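As structure tokens, the structure follows; a few thoughts come after it.
The values are calculated or read from the model by the stated rules, or taken from the named source; none is laboratory data. Treat the numbers as computed from the prediction; the structure is a model and nothing was measured. Cβ atoms come from the backbone with ideal geometry, glycine included; neighbour counts cover every protein chain shown. Side chains included, ligands, DNA and RNA excluded: accessible areas come from the protein's heavy atoms. Shrake-Rupley method; radii C 1.70, N 1.55, O 1.52, S 1.80 Å.
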Amino acid sequence: MKNIISWIDRRFPLTSFVKKELTEYPTPRNLSFWWNFGSLAGVVLVIQIITGVFLAMHYKADAALAFDSVEHIMRDVNYGWLIRYMHSTGATAFFAVIFLHMARTLYYGSYRSPRELMWWTGQILLLLMMATAFMGYLLPWGQMSYWGAQVITSLFGAVPFLGDELIIWLRGDFTVGDATLTRFFALHYLVPFIIMAVIMVHLVALHSVKSSNPSGINLADKDNIPFHPYFTTKDLFGLCIFLVIYSYFVFYQPNMFIEAENYIPADPLQTPVHIVPEWYFLPFYAILRSIPDLLGGVIAMTISVLIFAFMPFLDRSKIPGGAVYRPFYRALFYVFVIDVLVLGYVGAKPPEGYLVFIGYFATALYFGVFAILPFLAKKEELWLRKKGLPPELEALIQSEEKQKAERMVARRKAKRARK
Amino acid sequence: MTDDNKSLEEPLVDDPERRDFLNTVTGVVAGAGVVAASWPFISSMNPSSDVLSKATTEASLTGINPGESKTVEWQGKPVFILRRTDDQIKNMTASQGGKDPEADSDRIQKPDWLIVVGLCTHLGCVPSRSSDGWFCPCHGSKYDNSGRVLHGPAPSNLKLPPYKFVSEDKIVIG
């Protein structure tokens, strides 16, 4: 064994790589369980890819056969029910884990310098994930599948001038049809591998800037501990807890996240009375519905997803860390989380009565939170510094400022030298 | 390249502008090549010939009583054929619709027969029939008996398919 490894090491940096990036990789020792969700998301992706590949061995991407082939998987294929329920529950688990991962980033300010690229690659991963989930949902070819795809592809009709042509191009037909199903299947199989590639970029960035931590302050070297065995153990423990919850849903509540309506085969001439998207799209769907104009609604929904990318620009407070030391920011964080839950509830219900107005209000609040953040962050910073920060914190802010100024001077010098 | 007498300050090439030009030309040609090569792939995603051949539908009007409607499929889309009662015709002629005003006479060939594409102009759901028009269950748009939007998020009236009467009780859509 030793000989084999040393043979490889002479040709490929195996041992040094494992040491540097895994076993001896320096990790802040104060990470809480909120730092478990990144690796957990990786595990869920692997579950999705494995179950997905096996489902694809039995699935038929043809409008005439798709619905029956899913039932064939459920009834005739050995353990087909298990693999399918693992895959459908896995989609839900994936979004749950990612939303918690994002909530942690927002709460602890992990999106702030120098981790902006982590946040932005994460944003790309979220978009890819949403696209994959949306296309995968069409594959069972049930009523919800069909009309969900019909509604979402119709959104592209809001694009000025090209809208109608764009919809037909996306669908490959005048409505969602066989051509649409086949291409969605192809892309649903492809995109997860693109996600894998973007995760690599996400991880390279992580291993360059290292993990943030609950204090929000970059730790000294002595406060880091090796990843193995401390965090391999911790991640495994988190994984066990996750698997308990995941297994509960796979074995006892597998249909909780599947609409009953989706067990009716797709019918292009009959829309279900009440269309709802999957739970993870509900807040965005509620925003779409709350704007009483097609183009406006589509723009609002798009912005509601992309707006997270602007966080590093919106939050320019000099107070280090996230919500822990920042009472205003913390309040805003909780307002936002509650607002997203309210939007989710509104999105799940038919647009009637007082819910319409709650939808308007929650949508305004959603964007309001982002709009008020730059001003609130500045106000909060002034207030906190007037009140008196702990001297260590004040010193930290000043040293950051000094470093920034030095970088600026160096840049100017370099510019002048080039001239 | 490794001419030790040359200092690093000196340009590595004799004529940097020439090299810039070559770089630009290579970039442009490669870019144009990629665009040209991607065209067949983009085009392949448009409807294929067999899909396009579904372009027309023949529909019979027999058996539809006044006030009743029927749905037929055209290009995979539902088309509503409504035989309107005299009252409905009177009401519709008198009104201009809602937020996308249009005269009823511009939307029909024969007052008895209203023929519209049955897809909500908002996000493409199929509205369900109610006594005074259609109601979209997805996002609550309401249409009258001329297929004109009354309220809701739909931006425009129900679309009119191209059709002609080939006989008293038969139309060809498309």
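Points worth noting:
- Simple Cβ-charge dipole of the protein assembly as shown, Lys/Arg +1 and Asp/Glu -1, about Cα centre, in debye nearest 20: 2360 debye
- Taking amide H as placed 1.01 Å from N in the peptide plane, B:ARG84 has its amide H under 5 Å from the amide H of B:GLY67, B:TRP113, B:LEU114, each at least 5 places away in sequence or on another chain.
- Residues of type aspartates and glutamates that B:LYS77 reaches as a straight line, Cα spacing below 12 Å, ignoring anything fewer than 8 places off in the same chain: A:ASP173, A:ASP267
- Local electrostatic count at B:GLY174 - Lys and Arg +1, Asp and Glu -1, tallied over other residues with Cβ under 14 Å: +3
- Exposure rank, largest accessible area first [A:LYS404, A:LYS222, B:LYS90, B:LYS77; 1.4 Å]: A:LYS222, B:LYS90, A:LYS404, B:LYS77
- Helix-only CD estimate at 222 nm, as mean residue ellipticity for chain B, using -39500 (n - 2.57) per DSSP H run (n ≥ 4): -8000 deg cm²/dmol
- About its Cα centre, segment A:25-275 has a charge dipole of approximately 1040 debye under the convention of +1 per Lys or Arg Cβ and -1 per Asp or Glu Cβ, with nothing else charged.
- Among A:ILE245, A:ILE98, A:ILE73, the largest mean-square fluctuation in a Gaussian network model of chain A (Cα springs under 10 Å) belongs to A:ILE245.
- Screening chain A for whole DSSP H helices with an alpha carbon extent of at least 15 angstrom along the helix axis and a mean Kyte-Doolittle hydropathy of at least 1.6 yields A:37-56, A:294-306.
- Nearest-20 debye value, chain B charge dipole, Cβ charges on Lys, Arg, Asp, Glu: 1280 debye
- Relative contact order, percent, segment B:17-96 [alpha-carbon distance under 8 Å, six or more residues apart]: 18 percent
- Accessible surface ranking for A:MET256, A:MET311, 1.4 angstrom probe, highest first: A:MET256, A:MET311.
- The residues of segment B:40-58 occluded by other protein chains by 30 Å² or more of accessible area, set against the chain on its own, are B:MET45, B:ASN46, B:PRO47, B:VAL51; surface from heavy atoms, 1.4 Å probe.
- In chain A, Cα pairs under 8 Å separated by at least six residues give a relative contact order of 21 percent.
- Using a Gaussian network model of chain B in which every pair of alpha carbons under 10 angstrom is joined by a spring, one finds that among B:ASP112, B:ASP20, B:ASP100 the greatest mean-square fluctuation is at B:ASP20.
- 3J(HN,Hα) couplings calculated from phi for segment B:85-98 with the Karplus curve 6.51 cos²θ - 1.76 cosθ + 1.60 (θ = phi - 60°) are, in sequence order, 7, 4, 4, 4, 4, 4, 4, 5, 5, 6, 9, 10, x, x Hz; Gly and Pro show x.
- With the convex hull of the Cα atoms taken as the outline of the protein assembly as shown, the averaged projected area works out to 38.9 nm².
- Candidates A:LYS210, A:LYS387, A:LYS20: whichever shows maximal mean-square fluctuation once chain A is modelled as a Gaussian network with Cα springs under 10 Å: A:LYS387
- Chain A, helix-only ellipticity at 222 nm - DSSP H runs n ≥ 4, -39,500 (n - 2.57), divided by all residues, nearest 500: -23000 deg cm²/dmol
- Pairs beyond 30 Å (Cα-Cα), from A:LYS60/A:LYS349; A:LYS222/A:LYS415; A:LYS222/A:LYS318; A:LYS234/A:LYS386: A:LYS60/A:LYS349; A:LYS222/A:LYS415; A:LYS234/A:LYS386
- Among B:TRP74, A:TRP279, the order of accessible area from largest down is A:TRP279, B:TRP74, computed with a 1.4 Å probe on protein heavy atoms.
- Shown for the protein assembly as shown: cysteine residues without a partner Cβ closer than 4.7 Å, namely A:CYS240.
- Over chain B, Cα pairs under 8 Å with separation of 6+ residues give a relative contact order of 18 percent.
- Chain B: angle of helix B:16-44 to the longest principal axis, Cα-based, in degrees nearest 10: 30 degrees
- In segment B:88-171, lysine pairs with alpha-carbon atoms under 26 angstrom apart (chain gap of 8 or more, or interchain): 15
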